[in-house]
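What follows is a set of notes on a single structure, which appears directly below.
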Amino acid sequence: MEIRIPRVVIAATQSGSGKTTLVTGILAALRERGLRVQAYKIGPDYIDPGYHALASGRPAHNLDTWLVPEERLREIFVRTARDADIAVIEGVMGLYDGGRKGVSSTAQVAKLLDAPVLLTIDAKSMGASAAAMALGFREYDRDLRLAGVLLNRLGSATHEKMIAEALSALDIAVYGAVRRDEGLQMPERHLGLLPTTENEERGIVTKIAKAVAAQVDLDGILNLAKNAAHLDFTGGQGREAAAGKSSCRIAVARDEAFSFYYPESLQVLEQCGAEIVTFSPLRDEELPKAEGLILGGGFPEMFAERLSRNAFMRASIREAAEQGMPMYAECGGFMYLMRELVDFEGKRYPMAGVFPACAQMQKKLQMVGYVEAELLQDTVLGSRGTRFRGHEFHFSTEQADDASVEARAFAFTRMRNHARYAAGYAAKNVLGSYLHLHFAGCPKAAKHFVEMCRGKACLKPMDESW
């Protein structure tokens, strides 16, 4: 079956070229025209999609071929974009960058979706060399349809004309020429942009949209997207029929401290029969009525004092763990379940105390990249030997107690250098680590977790010495 979905990929020569700002502006400007705009982010990033959703008014989805099989990725894209007037896909890093051998690179996903690509070039301190750069990107892979460029951070009309003439000689179209404006920068922090859950300056999206509308050829981008080839697609692979009445309730931590969730990943849990209810470890004093708990990633280090001060919630989670509630925690959620958290200034804060370890913040990034994770014991996500594809991205290190070695949950293998190491903890019905998963890529794990929440027996007793 052939499906028509207007679509375009916004790529860049490298990280920091301003593509997230441009994509946010394009989304908001097109939405202002009354169009239904669906946004996507290539790669595992959680923060950029928040700005995409804010600008488009619709949930944004991640497209990652390491976390999710290619056919399932295409199914997610078609299902979520088919009612939109245009799908705008933001790339990751540089156009050809990704994991080992280009896995989940912008180029790989663009070819998988047969989508035209616009290359964002940071033209600051650059003249005709920008044209040479664009030419190199176009010639590097002729199977990729590089349709034109977006020039960013231009200094003047003369600067723009110089580069545009050089590009014209190479028959490379310019779809936007945006002037340098420090007022268009979005706030950043140690893991990248400040999440939308914390950014109170929502007016920045309107400001960016206004600048983009005046300096980017939106009509040209729409025409380019509409002329994208029809997608040859046989729908439905990998998606289970939506469950009728829910069979269990899963409490999901969601506030400024915990906001890293893929919308489609939570939907997989719902398809398995779970009802998702959210709560705030910052504000609520006890867990909502539920049979399971998920603590996603986020920034507990920035809210360590408030999380620590909420002793009632910490005690509620500890008690639920002791009573056998199935719990799954990723990265920030994993840190919260530890005994304590030490922030960037060295201040110590008591956390939930479920795991026998301390989360220690470091000045430098400790790990970023794709990993393969193998379960070392039976857990709430599956049996010993089960393998998952995930990723890590954290500034903290885990200072483990000596007595906790036998409770290790995973053996991680880094895809970049094949280093193998023990990671995370599992005890009773609780599992946590720095691993980020996408349940659309491991639906059996989601099903297993929901089944545990329905009332399966505890896996093993919790070590009372913890």
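The values are calculated or read from the model by the stated rules, or taken from the named source; none is laboratory data. Worth saying up front: this structure is predicted, and the values here are computed from it rather than measured. Note that we place each Cβ from the backbone using ideal geometry, even for glycine, and neighbour counts take in every protein chain shown. In case anyone asks, the SASA skips ligands and DNA or RNA and just uses the protein heavy atoms, side chains included. Shrake-Rupley method; radii C 1.70, N 1.55, O 1.52, S 1.80 Å.
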Residue check, P195 against (1) at pLDDT 95 or above; (2) part of a loop (DSSP other than H, G, I, E, B), all met but one. Which one?
-> (1)
Quick one: would you say L337 is farther than 30 Å from F77 by Cα, open to solvent by less than 10 Å² (accessible area, probe 1.4 Å), touching a residue at least 60 places away in the same chain (Cβ under 8 Å) and touching a helix residue (DSSP H, G or I) at 6+ places or on another chain (Cβ under 9 Å)?
-> yes
Only one of E451, E406 is farther than 20 Å from L67 by Cα, at pLDDT 95 or above and open to solvent by 30 Å² or more (accessible area, probe 1.4 Å), namely E451
Filtering the stretch 417-437 down to residues that are touching a residue at least 60 places away in the same chain (Cβ under 8 Å) and open to solvent by 10 Å² or more (accessible area, probe 1.4 Å), which residue is farthest from V371 (Cα to Cα)?
-> K428
Filter the stretch 83-136 for residues that are open to solvent by 10 Å² or more (accessible area, probe 1.4 Å), within 19 Å of E71 (Cβ to Cβ) and touching a residue at least 24 places away in the same chain (Cβ under 8 Å) and give the result.
-> G98, G99, V103, Q108, K111, L112, D114
Quick check: is even one residue across the stretch 13-33 within 18 Å of the chain's Cα centre (by Cα), under 20 Å from L184 (Cα atoms), β-branched (V, I, T) and open to solvent by less than 10 Å² (accessible area, probe 1.4 Å)?
-> yes
Considering each residue of the stretch 98-123, count those that are part of a loop (DSSP other than H, G, I, E, B), closer than 17 Å to D143 by Cβ and more than 15 Å from the chain's Cα centre (by Cα), and give that number.
-> 5
Cβ pairs under 8 Å, 6+ apart or interchain, first in the stretch 351-377 and at positive phi and outside any loop (DSSP other than H, G, I, E, B), second of a type in the set (A, V, I, L, M, F, W, C) and open to solvent by less than 20 Å² (accessible area, probe 1.4 Å), ordered by first then second residue, are none
Looking only at the stretch 393-403, which residues are assigned to a strand (DSSP E or B), of a type outside the set (A, V, I, L, M) and open to solvent by 10 Å² or more (accessible area, probe 1.4 Å)?
-> F393, H394, T397, E398, Q399
